[in-house]
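One structure is given here, and the rest of the page talks about it.
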Ligand SMILES: *Cc1c(COP(=O)(O)O)cnc(C)c1O
């Protein structure tokens, strides 16, 4: 497969903006920086941030065992996903494939970028229908989105199915691993060398506890990373975000402990939900949330709101009729949820 053939002609022809920090990359403290029209008086953020976020990437590289040259960072994974659209999808011509019920941003971004949407609903076990997906793809199908573990269902996709899709799909396969840090499955990022058309996205918004700083991660071949670097805003990850991310990644132990606690709490939540009379099904989950089928999702959602508890009503999603999605909270929050569910039942 030739990745160059998938890139939009405008992006291929583009001469990227070269920032002051791109042209001089040294960071030695005794240099005199008079190149970027900054205010020279030091306050911690008077200088432009590192456009390549080298310190953040080196920490991530170590934690995730992925070479730094295969990493690109963005203002949340939402920016990373938008960059992928703008690199590969020609407006009013190309299309993407999404597998509902899944994360809504893939369709929203397609609509923003005037890109067509083909969808193939997941099967009853919320697994991809591989043959149907491959048969619906056409020459303009540039991106296939696999969300694993999937939001809102919580399950991971079977490796055999994912591998067949990566090998057979003629465009780029994007695996959204926003919840991978809660899962025992291995990240597909460890297999980038095998698959030139693979992009894996992750985020600091979920397990790493940093939704507020907006830091999304993209892992791909050097070739794809260099295409995305051409079109990203030069200083897309701000200095405060980089500093916070560095501090958090340096205490990775803390994150691992929190993940362990969240998973223990999730098991308690799953067990206790079985004792709620109007819950008829609890779906298997590899993430920090639980999807459950109830008698009347909208009624139960409204009752919870009245008691001051906000959950996600997924009833309008295909295959998720009367389903509520519960994020795992602190032990205290989960107890409040369960007590309330039992009291309204
Ligand atoms: C939460 C979530 C993200 C995270 O997006 P950010 O912009 O990094 O906060 C990405 N994909 C899925 C499926 C999610 O649920």
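Here are the numbers:
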{"read-out": "All positions within segment 317-330 that are surrounded by 13 or more Cβ atoms within 10 Å (Cβ to Cβ) and out of contact with any strand residue (DSSP E or B) (no Cβ under 9 Å at 6 or more places or on another chain)", "value": "319, 329"}
{"read-out": "Residues located in segment 4-13, provided they are out of contact with any strand residue (DSSP E or B) (no Cβ under 8 Å at 6 or more places or on another chain) and not in a loop (DSSP other than H, G, I, E, B)", "value": "4, 5, 9, 10, 11, 12, 13"}
{"read-out": "From the options 35, 50, 82, residue that is within 30 Å of residue 117 (Cβ to Cβ) and in contact with a helix residue (DSSP H, G or I) (Cβ under 8 Å, 6 or more places away or on another chain)", "value": "82"}
{"read-out": "Residues of segment 130-187 classified as part of a helix (DSSP H, G or I) and under 30 Å from residue 210 (Cβ atoms), total", "value": "6"}
{"read-out": "Helices (runs of 4 or more DSSP H) (entirely within segment 241-345) containing at least 1 residues that are in contact with a helix residue (DSSP H, G or I) (Cβ under 9 Å, 6 or more places away or on another chain) and within 22 Å of residue 186 (Cα to Cα)", "value": "252-273"}
{"read-out": "Wholly within segment 22-127, helices (runs of 4 or more DSSP H) carrying at least 2 residues that are in contact (Cβ under 8 Å) with a residue 40 or more places away in the chain and surrounded by 13 or more Cβ atoms within 10 Å (Cβ to Cβ)", "value": "54-64, 76-88"}
{"read-out": "Selection status of residue 16, closer than 13 Å to residue 227 by Cα, part of a loop (DSSP other than H, G, I, E, B) and touching a helix residue (DSSP H, G or I) at 6+ places or on another chain (Cβ under 7 Å)", "value": "yes"}
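We did not get these values from a lab; they are worked out from the coordinates using the rules stated. Because the structure is predicted, anything quoted here is derived from the model rather than measured. Cβ atoms come from the backbone with ideal geometry, glycine included; neighbour counts cover every protein chain shown.
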